[in-house]
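Just below is one structure, and these are the notes that go with it.
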Amino acid sequence: MDTFTATRARSARIGDEVAKHPEQFRVLTGERPTGPLHLGHYFGTLVERVRLQNLGVETFLILADYQVITDRDTMANVRQNVHGAILDYLAAGIDPTRTTIFVHSVVPALNQLLLPFLSLVTEAELHRNPTVKAELAASGRALSGLLLTYPVHQAADILFCKGNLVPVGKDNVPHVEQARVIARRFNERYGPVFPEPEALVTSTPELAGLDGRKMSKSYGNTISLGMTEDETASAIRKARTDGDRRITFDPENRPGVAGLLTTAALCLDSDPLTLADQIGDGGAGRLKQVTTDAVNSYLAPHRRRRVELAANLDHVRDILRQGNARANQIAETTLGEVRVAMGTVY
């Protein structure tokens, strides 16, 4: 059995335990605020976060603003992106009385954990991390120290609150494995402080963007959750398809068509093959209209709630201040335990 298959099997067992005993789990998850959240985030992560929260799992959502500069030269628009993400969290059903929302840069005790954690990994291990390799290749830049140590920083994110469950897609399983290694090595060297977090592998398929590649802000192929209906229609009209009038689902040879079919099918609770058969000889024009109508209809309730919430940004700021305060309190407690274990109490 390969490593991912074993992780997937373990994840299924953990999922059963979460359903039976949600109070035994603490989730840490989040994202870098590099731009607006999009449909890929919605289907890939937001729906799962709301599900876990509603089961009764204590949840922490981190907006990792420091990690924006792992592969970028600027922090421009980060504040706007943070507020926008919180609007989408709330509109999707995240309840700030049950889920702690906070940002990286205002929790100094969390970031201080990075120092002892770095002593527990080797340079070779950092260079082997497949996510770091992929991020480096996509950036087209020289490898920075922050990008190289990105997995260790994520381990600090997970372990500062003693998170023991991390919902991830296949690509991010190595980050959880790195956090497990760091927790285990710290406990062996200094004493039991941290749990070894488990990966909860999400079942949502990777959502293709408007060009058939993975939907990603860095590719510019997204449908943002905060778009208007007209902006959504315009983005979908510009999507590249091909000259074949017969619509078929063929991701390898017709990526643009396949991306639109996948998006529409998710919003319609259908499947791409069935939808392709229904459109038949309708051509790209019909496909784009079906996709536009499906996305706009599906997102309409979310967008209504988002607009209502955006009218009171003071409420959003209050939620973030409260989340930051709670994260700081927990991080200080954990750092205190680390200092005691390491003998650095003076």
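Descriptive notes on the structure:
- The number of residues in the stretch 323-346 that are in a helix (DSSP H, G or I) and more than 23 Å from the chain's Cα centre (by Cα) comes to 12.
- For beta carbons closer than 8 Å, sequence separation of 6+ or different chains, a first residue in the stretch 231-250 that is at pLDDT 90 or above and a second that is exposed (fewer than 14 other Cβ atoms within 10 Å of the Cβ), the qualifying pairs are 245/281; 246/280; 246/281; 247/280; 247/281; 249/273.
- Test: residue 151 is touching a helix residue (DSSP H, G or I) at 6+ places or on another chain (Cβ under 6 Å), open to solvent by less than 30 Å² (accessible area, probe 1.4 Å) and either more than 23 Å from residue 180 (Cα to Cα) or modelled with pLDDT of 90 or more (or both): yes
- Selection status of residue 320, open to solvent by less than 80 Å² (accessible area, probe 1.4 Å) and more than 27 Å from the chain's Cα centre (by Cα): no
- One residue from 125, 135 being more than 22 Å from the chain's Cα centre (by Cα), in a helix (DSSP H, G or I) and under 24 Å from residue 8 (Cα atoms): 125
- When the residues of the stretch 28-56 are filtered to those that are open to solvent by 20 Å² or more (accessible area, probe 1.4 Å) and among the charged types (D, E, K, R), the one that is farthest from the chain's Cα centre (by Cα) is 51.
Matching residues to (1) under 22 Å from the mean Cα position of the chain (by Cα); (2) open to solvent by 30 Å² or more (accessible area, probe 1.4 Å):
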position	(1), (2)
225	yes, no
239	no, no
242	no, yes
254	no, no
268	no, yes
274	no, yes
278	no, yes
286	no, yes
289	no, yes
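- For the stretch 71-97, filtered to residues that are charged (D, E, K, R) and assigned to a loop (DSSP other than H, G, I, E, B), the residue that is most open to solvent (accessible area, probe 1.4 Å) is 73.
- Looking across the stretch 112-122 at every residue that is out of contact with any Ser or Thr (no Cβ under 8 Å at 6 or more places or on another chain) and in contact (Cβ under 8 Å) with a residue 24 or more places away in the chain, the one that is surrounded by the most Cβ atoms within 10 Å (Cβ to Cβ) is identified as 117.
The values are calculated or read from the model by the stated rules, or taken from the named source; none is laboratory data. Every value quoted in this text rests on a predicted model; they were computed, and no experiment measured them. Ideal geometry is used to build each Cβ from the backbone, glycine not excepted, and the neighbour counts take in all protein chains shown. We work out accessible area using only protein heavy atoms, side chains counted, and drop any ligands, DNA or RNA first. Shrake-Rupley method; radii C 1.70, N 1.55, O 1.52, S 1.80 Å.
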